[in-house]
Amino acid sequence: MALPLHGDCEYGWRRCKCLIPASKVEQFNCRSSYDDCKKAADWLLYRTKQRPKVAIICGSGLGGLAELIDDKTIFPYEDIPGFPTSTVAGHAGQLVFGTLQGQECVCMQGRFHFYEGYSMETVTFPVRVFSLLGVETLIVTNAAGGLNASYRVGDIMVIKDHINLPGFSGQSPLVGHNDDRFGVRFPCMSDAYDRNLRALAIEAAHEQKCGSFLQEGVYCMVAGPTYETIAESNLLKKLGADAVGMSTVPEVVVARHCGLRVLGLSLITNKVVTDYDSNEKANHEEVLATTSLRAQDLQRLVRHLITKI
Ligand code: HPA
């Protein structure tokens, strides 16, 4: 299949930063100007009475949290104007509005990953919509590989900070024109993960008997979809990363740009291989297996935490 170069898509080269079939441009690269985000937000506000202050992005295999929501109003992504649609089999691909422990929230069941071919703008479109819905706090969960030697498979890591590796090479969702209605040109990231929310999460984890497998550390995003080589893993460790994954950072960058408070939680699904004599191999099956073992604990933690926000 012939791949179009930038410019073949109707949004022009600045918007379409990845090479994808022209027929899929609409699906992969929704327009994410202020007006497009506003259109999606207004469409949602018209169809639900819920006015959530908290949004939750569920990582792969962690969408079960949305099942715990009461008084649900569900919007499949394909129904929401301008919203991208999910490509990964088994991902629900819907926004779930409702209440969790009495607190109004909106939950993204199925997220968009850069490695799927979505542009950074598309990956982060939902976060901008959340901000226009009036959301003030974003909770993000993900699966990650453990780099820190003291971490064990099944640990939950409260994200203290991140390393935006794709951002180092120009793949930041904020590259390009800055719309001041969202935020400033040069946003601060030294306070990306809210200190008070982190303290609340740690408190909630202890109250929910998750203290014995709780960590706090630095998450590094890689673009994926390959898992890391041994040399790359050792490099990430030297850079100060405790865990590595293929998501979260673009959403957090955009959330901070538009003034949301952020809490990030990583489930350590596998130990990253850092030793040439090891026979271990990172694989998606192990990631999914660990996720399903710990999903309930993570859900319990978030459900309890939300009562404290
Ligand atoms: N590396 C990158 N991403 C991941 C990993 C990993 O080891 N585990 C889960 N997501």
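The values are calculated or read from the model by the stated rules, or taken from the named source; none is laboratory data. Every value quoted in this text rests on a predicted model; they were computed, and no experiment measured them. Here Cβ is always computed from backbone atoms with ideal geometry, including for glycine, and neighbour counts include all displayed protein chains.
Residue pairs whose Cβ atoms lie under 6 Å apart, separated by 6 or more positions or on different chains, with the first residue in the stretch 73-89 and surrounded by fewer than 16 Cβ atoms within 10 Å (Cβ to Cβ) and the second at pLDDT 85 or above, are 73/48; 73/97; 76/94; 81/39; 81/40; 81/43. Candidates 97, 112: the one that is assigned to a strand (DSSP E or B) and among the aromatic types (Phe, Trp, Tyr) is 97.
In the stretch 226-235, which residues are touching a residue at least 12 places away in the same chain (Cβ under 8 Å) and more than 9 Å from the ligand (Cβ to nearest atom)? Correct list: 230, 234. For residue 186, the requirement of being surrounded by 14 or more Cβ atoms within 10 Å (Cβ to Cβ), part of a loop (DSSP other than H, G, I, E, B) and among the hydrophobic types (A, V, I, L, M, F, W, C) is not met.
Count of the stretch 236-263 residues, restricted to those that are more than 10 Å from the ligand (Cβ to nearest atom), among the small types (Gly, Ala, Ser) and closer than 21 Å to residue 156 by Cα, is 2. For residue 204, state whether it is out of contact with any His (no Cβ under 8 Å at 6 or more places or on another chain), among the aliphatic types (A, V, I, L, M) and touching a residue at least 24 places away in the same chain (Cβ under 8 Å). Against the criterion (out of contact with any His (no Cβ under 8 Å at 6 or more places or on another chain), among the aliphatic types (A, V, I, L, M) and touching a residue at least 24 places away in the same chain (Cβ under 8 Å)), residue 204 does not qualify.
For the stretch 257-309, residues that are among the charged types (D, E, K, R) and surrounded by 16 or more Cβ atoms within 10 Å (Cβ to Cβ) total 7. Number of residues in the stretch 115-139 that are within 16 Å of the ligand (Cβ to nearest atom) and either touching a helix residue (DSSP H, G or I) at 6+ places or on another chain (Cβ under 6 Å) or part of a loop (DSSP other than H, G, I, E, B) (or both) equals 1.
Can you name the residue in the stretch 140-155 that is crowded, with 23+ Cβ neighbours inside 10 Å and of a type outside the set (Asp, Glu) and is also farthest from the ligand (Cβ to nearest atom) among such residues? Looking at residues that are crowded, with 23+ Cβ neighbours inside 10 Å and of a type outside the set (Asp, Glu), I get 140. For the criterion of being assigned to a loop (DSSP other than H, G, I, E, B) and either acidic (Asp, Glu) or in contact with a Leu (Cβ under 9 Å, 6 or more places away or on another chain) (or both), residue 193 passes.
Here the helices (runs of 4 or more DSSP H) wholly within the stretch 201-309 that include at least 1 residues being farther than 20 Å from residue 59 by Cβ and acidic (Asp, Glu) are 230-239. Candidates in the stretch 215-224 are the residues that are within 15 Å of residue 282 (Cβ to Cβ) and at pLDDT 95 or above; of these, the one that is farthest from the ligand (Cβ to nearest atom) is 220. If the condition is being at pLDDT 50 or above and more than 22 Å from residue 103 (Cα to Cα), then the stretch 30-42 contributes 32, 33, 34, 35, 36, 37, 38, 39, 40.
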